[in-house]
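The values are calculated or read from the model by the stated rules, or taken from the named source; none is laboratory data. As the structure is a computational prediction, the values presented were derived from the model and not from experiment. Virtual Cβ from ideal backbone geometry, glycine too; neighbours counted across all protein chains shown. Each accessible area value is taken on the protein alone, full model and side chains, heavy atoms only, with ligands, DNA and RNA left out. Shrake-Rupley method; radii C 1.70, N 1.55, O 1.52, S 1.80 Å.
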Amino acid sequence: MALSDAPSPGTDQEDANADNLSAGSKRRRELSDTAKRPIFSFADEVSDGDDPWAEPEVASNASSPAIETKAGTPAVSPSKGPTKEQLLEQKQREERARKMIEARKRKEREKEQQLIKERERQAKMCESLAGVLVKGLHADDLDGSTAKSTAKNLAMDIVVAVSDRVKQTQEGHGQISFLKERLALKDNSAILRQIVTGSITAEAAARLTQEDLATQEEKEKQSKQRQQALLDLHVDRAKEISRINTRKTHKGVEVIDEDR
């Protein structure tokens, strides 16, 4: 082999360097092309004319005929609202209902006020009746309680008994006033004593009448009135008998002889 045909070391090195430069340039061009392309490709997923950046749900819903609201409920188109006549009728019904409720509440308030007044009146009657009953109490009747409290409790029992027996309020008030006035009389002190000692119960005391609580003078007067009524009855009866056994003639009144 001739010396002129053998490759020189310098030429071989230069060729190797050229090949390396060529390979590096090619690699840089490939990397540059790769950077220019998008990271994700939608070529296999998105058809022509579609927006590749649209949300999948929105894109699919856009082609759906029904639009769904929250929680998957289909949207309902707004229906026709009520007419003026219907609105007026509804307003009138509400007004009538409101008036009925107000009337019911007003009656309840009036009834409650009447009950309050009635309780206050009964309390006053108990106080006044207790003021009479306390006069019939003795020290040995108290049993550890005061005379005032004992008389008040007894008066309350009598008021309750009167209320149970008499349904009309005014009549009950009249009976309590009658008992208070009659028991305060000296002639009825014995009856008063029987009431406070329990010989006459509260129920029996509530049924006492004018005749039961009459004074001695009134009893004598009533006795005379009864006697006079009986006498008048006998006189009237005698006159009736006389009229039947007599007749008027031209000669005057003649006695009819029943033996004829």
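Arg109 meets all of the listed conditions (1) at pLDDT 90 or above; (2) closer than 30 Å to Gln216 by Cβ but one, namely (2).
Being surrounded by fewer than 10 Cβ atoms within 10 Å (Cβ to Cβ) and charged (D, E, K, R) is the requirement here; does Glu85 meet it?
Working: surrounded by fewer than 10 Cβ atoms within 10 Å (Cβ to Cβ): yes; charged (D, E, K, R): yes.
Taking the combined requirement at face value, the residue satisfies it.
Go through Ser177, Ser149, Ser163, Ser145 for me and flag whichever is without any contact (Cβ under 8 Å) to a residue 60 or more places away in the chain, surrounded by 13 or more Cβ atoms within 10 Å (Cβ to Cβ) and over 27 Å from the mean Cα position of the chain (by Cα). Spell out how you get there, then give the answer.
On the way: Ser149 fails: surrounded by 13 or more Cβ atoms within 10 Å (Cβ to Cβ); Ser163 fails: over 27 Å from the mean Cα position of the chain (by Cα); Ser145 fails: surrounded by 13 or more Cβ atoms within 10 Å (Cβ to Cβ).
Being without any contact (Cβ under 8 Å) to a residue 60 or more places away in the chain, surrounded by 13 or more Cβ atoms within 10 Å (Cβ to Cβ) and over 27 Å from the mean Cα position of the chain (by Cα) holds for just one of Ser177, Ser149, Ser163, Ser145, which is Ser177.
Within the range 142-159, the set of residues being assigned to a helix (DSSP H, G or I) and not basic (Lys, Arg) comprises Ala147, Ser149, Thr150, Ala151, Asn153, Leu154, Ala155, Met156, Asp157, Ile158, Val159. Selection within the range 183-204: residues that are of a type in the set (S, T, N, Q) and farther than 17 Å from Asp143 by Cβ. The member of this set that is least open to solvent (accessible area, probe 1.4 Å) is Asn188. The requirement of being open to solvent by 100 Å² or more (accessible area, probe 1.4 Å), at pLDDT 80 or above and more than 30 Å from Asp187 (Cα to Cα) is fulfilled somewhere in the range 217-233, by at least one residue.
In the set Thr197, Thr209, only one residue is on the phi < 0 side of the Ramachandran plot, in contact (Cβ under 8 Å) with a residue 40 or more places away in the chain and among the hydroxyl-bearing types (Ser, Thr, Tyr); that residue is Thr197.
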